[in-house]
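Peer 1: First the structure, which I've put down as structure tokens, then a few questions once you've had a look.
The values are calculated or read from the model by the stated rules, or taken from the named source; none is laboratory data. For clarity, every value in this text was computed on a predicted model and none was experimentally measured. Reconstructed Cβ throughout: ideal geometry from the backbone, glycine too, with neighbour counts over all protein chains shown. Ligands, DNA and RNA are excluded from the accessible area calculation, which covers all protein heavy atoms including side chains. Shrake-Rupley method; radii C 1.70, N 1.55, O 1.52, S 1.80 Å.
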Amino acid sequence: MKPSYNTQMSEFLLLGLSEEPELQPFLYGLFLYMYLVTVLGNVLIILATISDSHLHTPMYFFFSNLSFADICFVSSTLPKMLVNIQTHSKVITYAGCITQMCFFVFFAGLDIFLLTVMAYDRFVAICHPLHYTVIMSPRLCGLLVLASWIMSALNSLLQSLIVLWLSFCTDLEIPHFFCELNQVTHLACSDTFLNDMVMYFSSALLGGAPLTGILYSYSKIVSSIRAISSAQGKYKAFSTYASHLSVVSLFYGTLLGVYLSSAATHNSYSSAAASVMYTVVTPMLNPFIYSLRNKDIKGVLGRFLGRKTTKGSIFLGLKKCP
């Protein structure tokens, strides 16, 4: 079997969230703001975990990796969308579309694996607290993150390579604001049976298995917390994983909601609008959820930002001195 290439096809058209001209400035401002907030919030979390030795623990190591993945996740889609709105263009090249799809699938998978690893970390911390430092050794933490990167990369590479085997005809309009794998695949005029099978299998394997692991971890955590006799002990145990539970619920809830609703309504524009929740909103809210629910993060961020403000004030004061 040889790959089929369509030499006449060189670009796709991203129809975006709306074709109404009067809405474009609003969408540009809204998504530019959300992108900047996402990048700034996640960068602050990464800097906080690196700068404070008290946060050099497995939980914050995984969270800093999640923050980095979220920055890359939104950067794989939003910049191109913003450029298209600004230039009043809907065009994305064939190579650009495949590249965007590859990075999107990669960082979406990495998010899923990191959330699963973080659930396991909280499970060990609450269900086996006396053995936590032994089980969650630096070596194991590094291997878990490395395995997450490798599995995500292999899945992304496989999904992208089989798209390259497809031939595309004249209908190259994608009713989305980025090159979503399923949308691109079904624009092909060649047989997509293999692509669909690989897509469904990888979704079940890389989506269902991590979700099962997360649900199992949290069921054990809830059982352990219920067994604690004191109310103060229950509150302390709950506070150690409440932030992560919020992030997992938001990500998986919106992701499943998007695909279930799109399967029921078959409305591409509704699906594209709903996809904003897990592609843009969730990465933006993650730093706020962790910082608002986590005293350690709030304390470090307060000291970090306070130190920067103090240095700036001292510098300005020196500049005023004669």
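Peer 1: Testing Val145 on (1) of a type in the set (A, V, I, L, M); (2) at pLDDT 90 or above; (3) loosely packed, with under 13 Cβ neighbours inside 10 Å, one condition comes back false. Which one is that?
Peer 2: (3)
Peer 1: Among (1) at pLDDT below 95; (2) open to solvent by 80 Å² or more (accessible area, probe 1.4 Å), which single condition is Asp121 missing?
Peer 2: With respect to (1) at pLDDT below 95; (2) open to solvent by 80 Å² or more (accessible area, probe 1.4 Å), Asp121 is out only on (2).
Peer 1: Which pairs have Cβ atoms under 8 Å, sit 6 or more apart or on different chains, and link a residue in the range 85-106 that is in a helix (DSSP H, G or I) to one that is open to solvent by 50 Å² or more (accessible area, probe 1.4 Å) and among the aliphatic types (A, V, I, L, M)?
Peer 2: Hits for this filter: Ile98/Leu164; Cys102/Leu157.
Peer 1: Pull out all pairs, ordered by first then second residue, where Cβ-Cβ is under 7 Å, the residues are six or more apart or on different chains, the first lies in the range 20-32 and is under 22 Å from Ser75 (Cβ atoms) and of a type outside the set (Ser, Thr, Tyr), and the second is open to solvent by less than 90 Å² (accessible area, probe 1.4 Å) and not in a helix (DSSP H, G or I).
Peer 2: Qualifying pairs under 7 Å: Leu27/Leu17; Leu27/Ser18.
Peer 1: Let me ask something else about it. Taking into account only those residues within the range 138-169 that are among the β-branched types (Val, Ile, Thr) and in contact (Cβ under 8 Å) with a residue 12 or more places away in the chain, which is farthest from Glu180 (Cα to Cα)?
Peer 2: Val145
Peer 1: Here's another thing I want to ask about it. Out of (1) assigned to a helix (DSSP H, G or I); (2) modelled with pLDDT under 80, the odd one out for Lys220 is which?
Peer 2: Unmet condition: (2).
Peer 1: Let me ask another. With the requirement that a residue be surrounded by 14 or more Cβ atoms within 10 Å (Cβ to Cβ) and within 21 Å of the chain's Cα centre (by Cα), what does the range 193-202 give you?
Peer 2: If the condition is that a residue be surrounded by 14 or more Cβ atoms within 10 Å (Cβ to Cβ) and within 21 Å of the chain's Cα centre (by Cα), then Met199, Ser202 are the ones that fit.
Peer 1: Right, Phe68: of a type in the set (A, V, I, L, M, F, W, C), surrounded by 22 or more Cβ atoms within 10 Å (Cβ to Cβ) and either modelled with pLDDT under 95 or within 14 Å of Phe107 (Cα to Cα) (or both) or not?
Peer 2: no
Peer 1: Further question: Quick check on the range 169-191: of everything there that is assigned to a loop (DSSP other than H, G, I, E, B) and among the acidic types (Asp, Glu), which residue is surrounded by the fewest Cβ atoms within 10 Å (Cβ to Cβ)?
Peer 2: By that ranking, first place goes to Asp171.
Peer 1: Would you check which residues across the range 206-231 are farther than 14 Å from Leu115 by Cβ and either touching a residue at least 60 places away in the same chain (Cβ under 8 Å) or open to solvent by 90 Å² or more (accessible area, probe 1.4 Å) (or both) and list them?
Peer 2: Correct list: Lys220, Ile221, Ser224, Ile225, Arg226, Ser229.
Peer 1: While we're here: In this structure, is Ser156 over 27 Å from Ile85 (Cβ atoms), buried (at least 17 other Cβ atoms within 10 Å of the Cβ) and of a type in the set (Ser, Thr, Tyr)?
Peer 2: Against the criterion (over 27 Å from Ile85 (Cβ atoms), buried (at least 17 other Cβ atoms within 10 Å of the Cβ) and of a type in the set (Ser, Thr, Tyr)), Ser156 does not qualify.
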